[in-house]
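This report concerns only the one structure given below.
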Amino acid sequence: MTVGELPANLRNNPLFDVNEEFHYMPSWDKIKLSHFKPAFEYALVQAYEAIEDIIYNPAKPNFKNTAEAVAAADEQVGFILQTFYNYLPSSAEEDEYSEIEEDLSRAYAEFFNDTFTDEDLFARFLYLDDRIYNEKHSKEKIALYEMYYNTFLSAGIEYSAKKQEKIAEIGERISS
């Protein structure tokens, strides 16, 4: 995503100013604690939209439009979270950092649960199940597929809605 595509209020946010020249490292000297929450919220909306695009894609599921697309869906969110967890707050920022950390963790846990308990998205993975092995994909692609498939299972995709809700509550408690 280029800076020009961002909403005006995020164009000066250094969390979106990452490039190959600096090996995709964040500009630590420019990042302030106040940059994280708006960047994360924007990236999370983009991730939800990307997952929706995968779910409602009219094309038959294939590795690229399903497994690879899910892997790419929350890359920006992951980058922001990774940067956040490596940010060293000053002693004056510690309370605010903790509040932001709780908000980001809770929101990401909800995104994770929404994604990996979505039956339509899981159906796309089920469609790929035999094909992923029969089409002679690389070990890396098979590992990615299996990781996501197992993530659906661990999120409780095969359980009732009530059990899924309980798993989500436990996940939220763990994240906070």
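The values are calculated or read from the model by the stated rules, or taken from the named source; none is laboratory data. Please read these numbers as outputs of a predicted model, since none were measured by experiment. Cβ sites come from the backbone with ideal geometry, for glycine too, and all protein chains shown count toward neighbours. Note: areas computed on protein heavy atoms with side chains; ligands, DNA, RNA excluded. Shrake-Rupley method; radii C 1.70, N 1.55, O 1.52, S 1.80 Å.
Considering the conditions (1) without any contact (Cβ under 8 Å) to a residue 60 or more places away in the chain; (2) more than 23 Å from Glu41 (Cα to Cα); (3) part of a helix (DSSP H, G or I); (4) not hydrophobic (A, V, I, L, M, F, W, C), Asn113 is excluded by exactly one of them, (2). Within the stretch 92-101, is there a residue that is under 18 Å from the mean Cα position of the chain (by Cα), of a type in the set (Val, Ile, Thr) and closer than 22 Å to Trp28 by Cβ? Yes, because at least one residue in the stretch 92-101 is under 18 Å from the mean Cα position of the chain (by Cα), of a type in the set (Val, Ile, Thr) and closer than 22 Å to Trp28 by Cβ. For the stretch 90-114, what are the residues that are closer than 24 Å to Tyr148 by Cβ and open to solvent by less than 40 Å² (accessible area, probe 1.4 Å)? Correct list: Leu104, Ser105, Ala107, Ala109, Phe111, Asn113.
Of the listed requirements (1) modelled with pLDDT of 95 or more; (2) touching an Asp or Glu at 6+ places or on another chain (Cβ under 7 Å), Phe116 misses just one: (2). The residue of the stretch 115-134 that is most open to solvent (accessible area, probe 1.4 Å), among those that are within 18 Å of the chain's Cα centre (by Cα) and polar (S, T, N, Q), is Thr117.
The residues of the stretch 155-168 that are in a helix (DSSP H, G or I) and surrounded by 11 or more Cβ atoms within 10 Å (Cβ to Cβ), listed by number, are Lys163, Gln164, Glu165, Lys166, Ile167, Ala168.
Among residues of the stretch 148-169 that are farther than 14 Å from Phe125 by Cα, those with a Cβ under 6 angstrom from a residue that is of a type in the set (S, T, N, Q) and open to solvent by less than 80 Å² (accessible area, probe 1.4 Å), sequence gap 6+ or separate chain, pair up as Ala155/Thr117; Gly156/Gln164; Gln164/Thr117; Ala168/Asn113. Candidates are the residues of the stretch 72-89 that are without any contact (Cβ under 8 Å) to a residue 24 or more places away in the chain and aliphatic (A, V, I, L, M); the one that is surrounded by the most Cβ atoms within 10 Å (Cβ to Cβ) is Ala72.
Just one of the numbered conditions (1) in a helix (DSSP H, G or I); (2) open to solvent by less than 60 Å² (accessible area, probe 1.4 Å); (3) touching a helix residue (DSSP H, G or I) at 6+ places or on another chain (Cβ under 9 Å); (4) under 26 Å from Gln46 (Cα atoms) is not true of Ala143: (3).
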